[in-house]
Each structure stands twice: as C-alpha cells, then as structure tokens.
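Student: Please see the structure below; I have some questions.
The values are calculated or read from the model by the stated rules, or taken from the named source; none is laboratory data. Keep in mind that this is a model prediction, so the values were computed, not measured. Cβ sites come from the backbone with ideal geometry, for glycine too, and all protein chains shown count toward neighbours. Remember, those area values only see protein heavy atoms, side chains included, never the ligands or the DNA or RNA. Shrake-Rupley method; radii C 1.70, N 1.55, O 1.52, S 1.80 Å.
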Amino acid sequence: MSGGIAAYKAAEICRRLMDAGATVSPVMTIAAKRFIGEATLSALASEPVRTSLWGGPEPIPHTRLGQSADLVVVAPATARIIGSYAAGISSDLLSATLLATRAPVLMCPAMHTEMWEHPAVAENVATLKRRGVHFVEPGVGRLAGGDLGAGRLADPADIVDAASTLLRSSRSLGGVRSLHGVRAVVTAGGTREPIDPVRYIGNRSSGRQGYAVAAELAARGALVTLVSTVASSLDAPAGVDVVEVETAMEMLASVEACLTAPGSSADLLVMTAAVADFRPAMSSDQKIKRGSGVPDVQLVANPDILAGLAQARHANNASGPLLVGFAAETVRPGGPTLEELALSKLHSKGVDVIVANDVALPRVGFGHATNAVVIVDRDGRSVEVPLTTKEKVAVAVVDAAERILLTRSLTS
Ligand code: CTP
C-alpha cells in the first residue's frame with residue numbers, strides 16, 4: 001500500500017485475498033499509515049505488517065519479501081510509487097521490495113485525474129507496461145475531496161480477480177513465467193466496415209475469446225498488444241496494451257506496425273478477430289437519407305490479414321512471427337469434420353496453428369461466454385477442447401502456441 005485515500009480499500013483486498021487462500025504480507029509506506037491503521041491490516045492478513053527497511057526482526061526484509069512472493073500487488077499505487085518503480089529508485093521498503101522481486105507485479109493506481117493524466121505518470125505507466133508489469137486500470141468515479149473523474153482505485157473484487165488470474169497461470173507453470181520476454185499481438189472483435197457515419201457491415205463477434213487469450217499470454221509474462229474493435233465495451237486485461245481499431249484496413253495497419261516495430265517486432269500473432277471479408281467500395285461521409293432511395297452498396301474484398309502475413313513470412317525464408325488463426329465453421333452432417341476443416345484452413349492459410357469452432361452448436365463461439373474448439377498445428381497435433389469457458393479455451397490456445405515457440409527456440 002502506498003499513501004492515498006484509497007488505502008482503506010486495501011483492507012477489503014487483503015480480506016478477499018485471504019478468503020481465496022493466499023498468504024498475505026502487508027507492506028505499507030509511511031504515507032499509507034496516515035490513511036489506514038496498521039492494526040487493521042495486521043488483523044486481516046496472515047503475516048505482520050511491515051513498514052520499514054529498518055528495525056524489524058529481519059536484517060534484509062525487502063529481499064526476503066521480494067524473493068518469497070508469488071505475486072506483488074500494489075493497491076493503491078500512487079504517482080510516487082509508480083514513478084520510483086519506473087526509475088528504479090528504492091527509497092522505502094515498498095519500492096525496494098518491488099526492485100527485489102522477480103514475481104509478477106500488479107499495480108493498481110489511484111490518484112486525482114490531473115495526476116493520472118499527467119504525461120510524466122502516463123510515461124512511467126507505459127515504461128512499466130513495456131517491462132511486463134501488470135496494471136488494473138483505475139475507474140471513473142468520486143475522488144478525494146468530492147471531485148469526479150478518472151483515477152479511482154479499481155473495484156477490490158476486480159483487483160483480486162486479476163491477482164488470481166496471474167497467480168493461477170504462474171502456479172500452473174510451476175512458478176515459471178514461461179513466456180517472459182515474448183512479444184505477442186492478439187486481435188479481437190469483429191471489424192466494422194462503414195456504409196455511412198451511422199451504418200456498417202459487421203458480425204456477431206464479441207471479442208471475448210481474444211481478450212481471454214491476451215490475458216492468458218500476459219499472465220505468462222508475454223508483452224501483449226491487443227488490437228481490438230471492442231475496446232470501448234471490454235476492459236483491458238491486466239498488463240495488456242490495447243490499440244483500438246474499427247475496420248479491417250485499420251486492423252491490418254496496426255498489426256503490421258506491431259509486427260515490424262524496429263527493435264520490438266512480435267514473436268507471435270493470434271488472430272481471433274472476425275475480420276470482414278468484404279467492405280463497401282464507397283462509404284458516404286454524410287448519412288444516407290431514406291428519401292434518397294435504397295442505396296446500391298457495392299462490396300470489394302478486404303485483404304486476408306493472416307494469409308498475407310503467412311505469405312510474407314514464406315517469402316522471407318520462414319522468418320517471422322508464429323501465426324495462430326481462428327476458424328469459425330459450420331459442420332454439415334456427412335461433410336468434413338471440424339478437424340478436417342481446421343486442417344484445410346491451416347494449409348490454405350499457411351499458418352502454424354488453427355483454432356476451429358463449430359459456430360452452429362449451442363453456446364459455442366460468437367456472443368457466448370463459452371466455446372468448444374479443435375486446435376490443430378503444423379506438427380500434426382490435434383487437441384479437442386469440449387464446451388468450457390473462453391478462459392479455459394485461451395489456456396489451451398496459449399499452450400499450443402507456447403509448445404511451438406519453445407521448439408523454435410530450442411532449434412534456432
Ligand atoms: N482473417 C484475416 N483476414 C480476413 C479474414 C480472416 O486475417 N480478411 C483471419 C481471421 O482472423 C481468422 C482466420 O483468418 O484467424 C480465419 O478466418 P475465417 O473467416 O474463418 O476464414 P476465411 O479465410 O474468411 O474463410 P471462409 O471462406 O471459411 O470464410
């Protein structure tokens with residue numbers, strides 16, 4: 001806890017973490033103690049509160065805390081603690097612990113809107129995100145002194161959810177952040193192809209599967225950019241950078257920019273987005289009035305983003321990111337099976353992994369919280385994931401990508 005009025009909410013976060021079975025060691029800055037009493041945290045947590053580098057029972061408390069933690073949660077995180085962590089400055093027990101840990105770190109900022117939007121704070125947050133630090137973004141609401149705006153500490157339940165996701169992933173991998181240093185780009189949502197300023201051609205994709213894949217990659221330590229058409233309706237997963245796009249052409253430009261960024265080109269692309277195959281040849285910049293008659297909307301083909309990247313990679317002697325595609329299929333009785341359709345798309349697109357689902361089945365894919373998929377890869381593996389949550393499907397998708405990334409790094 002660092003010092004802000006939201007420190008009182010740390011008590012609830014602590015209780016919820018304890019309820020979820022965590023061992024919690026509270027670390028408070030001197031300023032945090034002005035907002036909430038040590039006794040409150042000591043009574044709720046499993047370990048005594050620590051506030052200082054000096055005078056406690058352990059000679060080097062920050063290294064013991066940092067090395068023994070599975071996860072460090074800073075809630076609330078003030079502009080000061082974000083700044084010192086970004087600059088690598090250790091001036092108290094909390095900032096020293098942050099530098100002494102290799103565990104995932106979850107920062108939960110809380111401050112006044114002006115401070116949260118200050119370019120210095122924004123740059124520090126961006127620096128930490130680039131280094132793989134996870135964030136639960138602050139919400140909009142009532143702030144200290146009665147002001148309204150962005151900067152309010154996220155809901156304790158959301159903070160504990162983000163903490164559990166990070167812990168679950170790093171635990172399931174034996175505490176190893178298996179994708180540490182891997183740069184991943186994930187696309188999510190359906191593209192919208194405008195006819196005029198109010199109408200578009202779109203599809204039923206909710207974007208939830210892509211968000212779950214991005215969250216899973218981030219939880220394993222990857223640096224994730226999510227190119228999303230639904231950024232205004234879904235919260236960014238902890239630690240993920242979101243780029244908002246609308247059309248297939250914008251998505252293509254963003255994905256290409258991420259894949260080729262000098263010095264930080266991506267190792268992995270997961271295309272969960274439902275990209276419109278066609279767009280109106282012309283989009284009117286004025287609303288088309290009913291009185292002007294039924295418009296004749298001519299369509300032109302959009303580029304196939306995934307297949308285009310696979311071709312470019314082929315032309316470049318197979319050097320380029322690992323490519324994972326999704327395939328929304330409808331399986332006809334007596335026709336090819338879902339696995340056969342997936343394999344045919346794997347070969348026709350020239351990608352490494354295809355995740356196929358039968359969208360005609362109940363509760364599968366578009367618009368649902370659940371999914372059922374077959375995952376095929378270029379090495380001949382085929383994994384069936386029966387109906388489950390999109391989060392669990394994301395775990396299987398990331399497992400498949402990770403296996404190939406590992407083989408690549410062993411053979412290169
Ligand atoms: N995709 C893409 N660009 C497009 C269309 C699709 O990158 N213009 C990607 C999707 O994000 C997905 C994969 O290609 O990862 C498969 O999309 P799908 O619509 O199932 O395939 P299509 O190539 O459109 O084939 P179909 O004829 O089956 O619709």
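Student: Is there any pair linking a residue in the range 328-349 that is in contact (Cβ under 8 Å) with a residue 24 or more places away in the chain and over 15 Å from residue 307 (Cα atoms) to one that is among the polar types (S, T, N, Q) and open to solvent by 50 Å² or more (accessible area, probe 1.4 Å), with Cβ under 8 Å and at least six apart or on different chains, and which?
Tutor: 331/337; 339/382
Student: For the range 279-297: of the residues being surrounded by 11 or more Cβ atoms within 10 Å (Cβ to Cβ) and not in a loop (DSSP other than H, G, I, E, B), which is nearest to the ligand (Cβ to nearest atom)?
Tutor: Selected residue: 279.
Student: Note down all Cβ pairs under 6 Å where the first residue falls in the range 298-326 and is under 9 Å from residue 349 (Cα atoms), the second is more than 7 Å from the ligand (Cβ to nearest atom) and open to solvent by less than 70 Å² (accessible area, probe 1.4 Å), and they're at least six residues apart or on different chains.
Tutor: Hits for this filter: 310/323; 310/350; 310/351; 325/351; 325/354.
Student: Within the range 216-272, which strands (runs of 3 or more DSSP E) (wholly inside it) include 2 or more residues that are among the acidic types (Asp, Glu)?
Tutor: Ranges flagged: 240-244.
Student: From the list 262, 237, which residue is on the phi < 0 side of the Ramachandran plot, without any contact (Cβ under 8 Å) to a residue 12 or more places away in the chain and either touching a strand residue (DSSP E or B) at 6+ places or on another chain (Cβ under 7 Å) or not assigned by TED's automatic domain parsing to the domain that holds residue 107 (or both)?
Tutor: Numbers: 237 fails: without any contact (Cβ under 8 Å) to a residue 12 or more places away in the chain.
Going through 262, 237 in turn, just one is on the phi < 0 side of the Ramachandran plot, without any contact (Cβ under 8 Å) to a residue 12 or more places away in the chain and either touching a strand residue (DSSP E or B) at 6+ places or on another chain (Cβ under 7 Å) or not assigned by TED's automatic domain parsing to the domain that holds residue 107 (or both): 262.
Student: Within the bounds of the range 374-393, is there any residue that is small (Gly, Ala, Ser) and open to solvent by less than 50 Å² (accessible area, probe 1.4 Å)?
Tutor: To start, the set of residues in the range 374-393 that are small (Gly, Ala, Ser) comprises 380, 382.
Subsequent filtering for residues that are open to solvent by less than 50 Å² (accessible area, probe 1.4 Å) retains none.
No, the range 374-393 contains no residue that is small (Gly, Ala, Ser) and open to solvent by less than 50 Å² (accessible area, probe 1.4 Å).
Student: Follow-up. Going through the range 318-349 one residue at a time, which ones are away from the ligand (no atom under 11 Å from the Cβ) and under 26 Å from the mean Cα position of the chain (by Cα)?
Tutor: Residues of the range 318-349 that are away from the ligand (no atom under 11 Å from the Cβ), as a first pass: 318-322, 331-340, 343, 347.
The answer is 319, 320, 321, 322.
Student: So, in the range 298-317, exactly how many residues are more than 13 Å from the ligand (Cβ to nearest atom) and buried (at least 17 other Cβ atoms within 10 Å of the Cβ)?
Tutor: Residues that pass the stated criteria total 1.
Student: Separate question: Being assigned to a loop (DSSP other than H, G, I, E, B), of a type outside the set (A, V, I, L, M) and open to solvent by 30 Å² or more (accessible area, probe 1.4 Å) is the filter here; which residues of the range 1-36 pass it?
Tutor: Within the range 1-36, the first condition is being assigned to a loop (DSSP other than H, G, I, E, B), and the residues that meet it are 1-4, 20-26, 28-31, 36.
Adding the requirement that they be of a type outside the set (A, V, I, L, M) leaves 2-4, 21, 23, 25-26, 29.
Those that are assigned to a loop (DSSP other than H, G, I, E, B), of a type outside the set (A, V, I, L, M) and open to solvent by 30 Å² or more (accessible area, probe 1.4 Å): 21, 23, 25.
Student: Name the one entry in 42, 52, 25 that is free of Cβ contacts under 8 Å to residues at least 40 places away in the same chain and among the hydroxyl-bearing types (Ser, Thr, Tyr). Steps first, answer last, please.
Tutor: Working: 52 fails: free of Cβ contacts under 8 Å to residues at least 40 places away in the same chain; 25 fails: free of Cβ contacts under 8 Å to residues at least 40 places away in the same chain.
On inspection, the qualifying residue turns out to be 42.
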